[in-house]
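Scroll down for the structure; my scribbles are underneath it.
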Protein chains: 2
Amino acid sequence: MINVVGATFSALAAALESELLADIPLARAMALKASAYDGDSLTLAAPLAPNVNDKGCAFGGSLASLMTLAGWGLIKLAVDARALDCDIYVQDSSIRYLAPIWQDFAAVARPAAGESFDDFFAALAARGKARMSVHCVVPLADGAAAATLDARFVAFVKR
Amino acid sequence: MINVVGATFSALAAALESELLADIPLARAMALKASAYDGDSLTLAAPLAPNVNDKGCAFGGSLASLMTLAGWGLIKLAVDARALDCDIYVQDSSIRYLAPIWQDFAAVARPAAGESFDDFFAALAARGKARMSVHCVVPLADGAAAATLDARFVAFVKR
């Protein structure tokens with residue numbers, strides 16, 4: 001659990017990055033970085049070189065991994081900010097690969113439309129378990145989406 | 001392109017593994033292996049250690065990557081067997097994470113229900129482009145699915 005008492009958003013993002021790199025070998029292989037966090041959206045970035053496919057553009061598995069981790073991290077930071085200790089799992093996801101990516105890339109995760117952290121934490125307090133849907137996008141330089149992910153996560157309060 | 005003239009299925013799987021490991025850094029990081037191929041299904045395997053998450057079970061991004069590569073490889077081997085030179089891309093995928101995985105794992109890819117390579121290659125011959133849907137499963141030791149992927153791929157004949 002990240003210690004968030006009094007931490008700034010940028011310190012939180014840095015702490016999440018350290019935790020992901022320490023715990024998840026594939027995050028290290030991807031050279032993942034947490035590049036922005038504002039409490040409502042989280043951006044994880046990755047350089048192209050360790051994440052290419054046979055064609056020299058971004059590997060779909062790297063995009064899936066980065067978007068999944070961005071969604072997971074968005075919930076993780078909110079959970080930690082409330083000093084809760086939870087296991088968070090991805091349950092399912094739907095991914096669209098819309099355009100090849102030929103440069104370094106980043107995934108921006110936000111709560112899905114109609115989702116709120118208030119509802120999520122109310123359920124977590126009531127039942128020790130809660131679900132949250134997240135929307136994530138990998139934008140191209142012109143702002144169009146190169147890839148999107150819609151995923152559901154579930155969190156369990158550790159006993 | 002893998003040279004498949006006269007090759008056995010196991011030689012084809014080995015050639016695919018070599019190509020994936022040479023071209024895709026994340027496949028190397030995952031220590032991916034092609035463990036079985038029979039012309040109609042392809043199995044890719046990965047050890048747990050380089051593919052763990054924060055909880056010590058299989059990382060969702062590793063599962064997504066392995067299943068996506070199994071689907072991609074299934075089409076790649078069929079394309080190569082016909083001495084065609086294509087770029088193959090994943091277009092979209094739907095993934096379900098059904099149970100945590102605490103050991104080495106493998107992803108088995110097959111054409112989705114109703115899909116046939118005959119239709120795929122007819123379209124590829126007619127238009128230089130064809131789509132194919134693939135179903136992939138990561139089984140637990142008891143045969144139940146720990147994760148599934150349904151994905152659409154598109155192949156373009158290189159010009």
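Okay, here's what the table says:
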{"item": "Any hit, segment A:69-77, residues being among the charged types (D, E, K, R), in contact (Cβ under 8 Å) with a residue 60 or more places away in the chain and in a strand (DSSP E or B)", "result": "no"}
{"item": "Residues of segment A:95-145 satisfying the condition of being within 28 Å of B:Ile88 (Cα to Cα) and of a type in the set (Gly, Ala, Ser)", "result": "A:Ala99, A:Ala106, A:Ala107, A:Ala109, A:Ala141, A:Gly143, A:Ala144, A:Ala145"}
{"item": "Residue selected from segment A:90-134 under the condition out of contact with any Ser or Thr (no Cβ under 6 Å at 6 or more places or on another chain) and touching a residue at least 60 places away in the same chain (Cβ under 8 Å), by the criterion farthest from the other protein chains (Cβ to nearest Cβ)", "result": "A:Pro111"}
{"item": "Top-ranked residue of segment A:20-36 - restricted to ones that are part of a helix (DSSP H, G or I) and more than 13 Å from the chain's Cα centre (by Cα), ranked as farthest from the other protein chains (Cβ to nearest Cβ)", "result": "A:Leu21"}
{"item": "Members of segment A:78-89 that are within 14 Å of chain B (Cβ to nearest Cβ) and either surrounded by 15 or more Cβ atoms within 10 Å (Cβ to Cβ) or outside any loop (DSSP other than H, G, I, E, B) (or both)", "result": "A:Val79, A:Asp80, A:Cys86, A:Asp87, A:Ile88, A:Tyr89"}
{"item": "Test: residue in segment A:44-65 that is part of a helix (DSSP H, G or I), among the aliphatic types (A, V, I, L, M), more than 16 Å from A:Ala109 (Cα to Cα) and in contact with a Gly (Cβ under 9 Å, 6 or more places away or on another chain)", "result": "no"}
{"item": "Given (1) buried (at least 19 other Cβ atoms within 10 Å of the Cβ); (2) within 11 Å of chain B (Cβ to nearest Cβ), index of the condition A:Asp54 fails", "result": "(1)"}
{"item": "Residue list for segment A:90-129, filter: buried (at least 17 other Cβ atoms within 10 Å of the Cβ) and part of a loop (DSSP other than H, G, I, E, B)", "result": "A:Ile101"}
{"item": "Filtered residues of segment B:72-103 (kept if at pLDDT 95 or above and basic (Lys, Arg))", "result": "B:Lys76, B:Arg96"}
{"item": "Filtered residue count, segment B:63-74, keeping only those that are of a type outside the set (Gly, Ala, Ser) and over 8 Å from the mean Cα position of the chain (by Cα)", "result": "1"}
{"item": "Of the criteria (1) under 26 Å from A:Ala99 (Cβ atoms); (2) in a helix (DSSP H, G or I); (3) modelled with pLDDT under 95, which one B:Ala11 fails", "result": "(1)"}
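The values are calculated or read from the model by the stated rules, or taken from the named source; none is laboratory data. For clarity, every value in this text was computed on a predicted model and none was experimentally measured. A quick note on method: Cβ atoms are made from the backbone with ideal geometry, for glycine too, and the neighbour counts reach across all protein chains shown.
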